[in-house]
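K.L.:
After the structure tokens below, expect a handful of questions from me.
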Amino acid sequence: MTLCASRLGYRSGSLQLLDEVDITLDAGRVHAILGPNGAGKTTLLRILSGEMQPHSGVVSYAGRSLSAWAPRELAQRRAVLPQRDHLTFAFTVEEVVALGRLPAPGGPAGEERHIIETVLDWVGVTHLRARRYPQLSGGERTRVQLARVLAQIWQPLGDEVRTLLLDEPTASLDLAHQHRCLQIARRMAASGVAVGVVLHDPNLALHYADHVTLMCCGQVVASGAPTDVLTASRLSGIYGVPMASLRAGHEVLLRVATEVMDLDSGDDRLPPA
Amino acid sequence: MWSALGLVTAAAAVFALTVGPLPIGLDQLLSALGIRSDSSLRAYETAAIVDLRLPRVTLAILIGAALGSSGAAMQGLLRNPLADPGLIGVASGAALSAAAFMVIGVTAWIPERLALPLAAFAGGSAAAWLVVRLSLVDGRSRVATMLLAGLALNAIAGAGIGFLSYIADDLALRSVTYWMFGSLGKAGWAELAVAAPILALCIVLLPRAAVPLNALLLGEAEAGHLGIDVDALRRRLLTLIVVAVAVSVALAGIIGFVGLIVPHLLRLVTGPDHRLVIPGSALTGALLLLLADTASRALFVPAELPIGIFTALIGGPFFLALLLRYRNAPELS
């Protein structure tokens, strides 16, 4: 019961973006949130991080209402990787990562250095450390931002659990770095961090998550163990594409059954040649 | 680097004190300032230094530093390297108010020497307050709305100034035009006694926001996640910037380009870290304005070129040269 939200509702104009959403992130576990575009995943993450206030429902962190936390206290325990980055000024990679240490109580310089070295190494950007951030590719930027949020909650503080919220961290990463990113999430969980991660690839969720919440149209469709939630028939219904499951060893893989997909409804709908 | 820059500024200040229609040597300067006792100095020479040049040099340093550091803070706050304090209407509001005062000639119960700066300060802060108020959405000010509201207000103020110039008699028109180009020659010790502590306070307080401003460059939400109260930071910085710029404009008229160019220059040298950019912009702004004022006094003795023309004349081409040279540098991308 690290980060716990119940009956969350959020409207934007006449649109109900979240409706009666319950979610709990537990210490030491990776909790994946999946769902089609516009399902409300990012809105949920923004409310969980305290960036936005829900119109109804409550969020509590470590037993205290989220709004009762002082911003800095919260920042020492909870880090958020946003979906998009807004940094256009020419900080070096190392400077960006060091910004993550801002809310930390501040230890000896050597220790701070060591933390930055370690997270640079974890996400594999040590060789980019002196490069200017705006010169990096999209995937490299995501990795640098990941290093920054890891640095932010690197050290446990008191007895409260730390939380890491990642909004589509794998979206711009290559295959190898998608897995590296989720392995990092697992390692953080292994050190007691509660991890919430928005993902699109059900196979990544099946492989790396302890718990999955599946959302659609602002509501929770299913929540539980990955293999129970992410079934071919349920995903077919939600995404509107035929899904099939494969068994590879003792692992389940999901794939879109493109051979029975029907997107082609007549030549007249093709763009002109 | 800072001490070198500080020394250069100090040397420039000493040099500036010796330049002017009345040639004064270093020896005489030291005597006039009471550092050396020398009775050969005439009273009017002492007066020229102590009552004319010293306040002017002090003003150049304070206003240069205030404009430089406000520009740096403004660019950080809006996360836009092209932002200028003028964008939120401070300068044009002050200009409109000052023009109205000069043209309509409100017979105030305070002497004109004080009333004009007060009118300019009031106009500048009111315009900025209005722009910030207009940009409030759900209690938060939005950057894009703020810039657009500033643009609209600048246009309205421009129209107002145009109309006032149209109805003004020749004398008033001349003072309006002259005021708009800025001059450091109008203020004496009396004005400085009021303005100097305010400017100094802004110059000291602005760098204190350097670390949260660095975080803000990541994005507003990201800064919030790092534990920074973004709304409070914005309120505090906008207040400091508006006060610093409005006081500067009130005393010296409109001096363009310093707030825009100086932080750029600094970023090319130091990178975007505000812990270096804000104090560096203060020092460089002071130096730049000091040199510009000295040159504007020395070039056409005994006349002087309005300093706003001078900063724009030097600043514009200099900025273009920078732009051409660093077109591909990440600092400007």
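The values are calculated or read from the model by the stated rules, or taken from the named source; none is laboratory data. The model shown is predicted, which means the values in this text are computed figures rather than measured ones. Note that we place each Cβ from the backbone using ideal geometry, even for glycine, and neighbour counts take in every protein chain shown.
K.L.:
For the stretch A:168-182, state whether one or more residues are free of Cβ contacts under 8 Å to residues at least 60 places away in the same chain and among the β-branched types (V, I, T).
P.N.:
Yes: the stretch A:168-182 contains one or more residues that are free of Cβ contacts under 8 Å to residues at least 60 places away in the same chain and among the β-branched types (V, I, T).
K.L.:
Would you mind telling me which numbered condition in (1) away from every other protein chain (no Cβ under 14 Å); (2) surrounded by fewer than 17 Cβ atoms within 10 Å (Cβ to Cβ); (3) farther than 17 Å from B:Q75 by Cα B:A196 fails?
P.N.:
(2)
K.L.:
Counting residues that are buried (at least 18 other Cβ atoms within 10 Å of the Cβ) and within 14 Å of chain A (Cβ to nearest Cβ), which helices (runs of 4 or more DSSP H) fully inside the stretch B:220-333 reach at least 1?
P.N.:
By residue number, B:220-225, B:230-252, B:258-270, B:274-298.
Residue-by-condition table, conditions (1) away from chain B (no Cβ under 11 Å); (2) at pLDDT 95 or above; (3) more than 25 Å from A:T170 (Cβ to Cβ):
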| site | (1), (2), (3) |
| --- | --- |
| A:L81 | no, yes, no |
| A:V96 | no, yes, no |
| A:A104 | no, no, yes |
| A:P108 | yes, no, yes |
| A:I116 | yes, yes, no |
| A:V119 | yes, yes, no |
| A:P134 | no, no, no |
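K.L.:
Right, something else. Got a number for residues in the stretch A:58-106 being under 17 Å from B:L217 (Cβ atoms) and either in contact (Cβ under 8 Å) with a residue 40 or more places away in the chain or assigned to a loop (DSSP other than H, G, I, E, B) (or both)?
P.N.:
22
K.L.:
Follow-up question, since we're still on this one. Would you check if there is a residue in the stretch A:143-163 being away from chain B (no Cβ under 11 Å), closer than 28 Å to A:G40 by Cβ, modelled with pLDDT of 95 or more and surrounded by fewer than 22 Cβ atoms within 10 Å (Cβ to Cβ)?
P.N.:
no
K.L.:
Would you point out which residue out of A:L99, A:L87, A:L165, A:L146 is under 27 Å from A:L199 (Cα atoms), hydrophobic (A, V, I, L, M, F, W, C) and touching a Phe, Trp or Tyr at 6+ places or on another chain (Cβ under 6 Å)? So that I can check it myself, show each step before the final result.
P.N.:
Values: A:L99 fails: touching a Phe, Trp or Tyr at 6+ places or on another chain (Cβ under 6 Å); A:L165 fails: touching a Phe, Trp or Tyr at 6+ places or on another chain (Cβ under 6 Å); A:L146 fails: touching a Phe, Trp or Tyr at 6+ places or on another chain (Cβ under 6 Å).
When all the criteria are applied, what remains is A:L87.
K.L.:
Only one of A:V241, A:V195, A:V260, A:V256 is crowded, with 17+ Cβ neighbours inside 10 Å and among the β-branched types (V, I, T). Can you tell me which?
P.N.:
Working: A:V241 fails: crowded, with 17+ Cβ neighbours inside 10 Å; A:V260 fails: crowded, with 17+ Cβ neighbours inside 10 Å; A:V256 fails: crowded, with 17+ Cβ neighbours inside 10 Å.
The match here is A:V195.
K.L.:
Still on this structure, I have one more. Can you tell me which condition B:N154 does not meet? The list is (1) at pLDDT 85 or above; (2) out of contact with any Gly (no Cβ under 8 Å at 6 or more places or on another chain); (3) more than 24 Å from B:A232 (Cα to Cα), and all the others hold.
P.N.:
Of everything listed in (1) at pLDDT 85 or above; (2) out of contact with any Gly (no Cβ under 8 Å at 6 or more places or on another chain); (3) more than 24 Å from B:A232 (Cα to Cα), B:N154 misses just condition (2).
K.L.:
Just to be sure before I move on: is B:L206 within 10 Å of chain A (Cβ to nearest Cβ), out of contact with any Phe, Trp or Tyr (no Cβ under 8 Å at 6 or more places or on another chain), crowded, with 19+ Cβ neighbours inside 10 Å and under 30 Å from B:R142 (Cβ atoms) in the structure I sent?
P.N.:
Answer is no for this residue.
K.L.:
Sticking with this one: If you check B:I88, B:I49, which single one turns out to be surrounded by 15 or more Cβ atoms within 10 Å (Cβ to Cβ), modelled with pLDDT of 75 or more and over 30 Å from B:L218 (Cα atoms)?
P.N.:
Values: B:I88 fails: over 30 Å from B:L218 (Cα atoms).
None of the others qualify; the one that does is B:I49.
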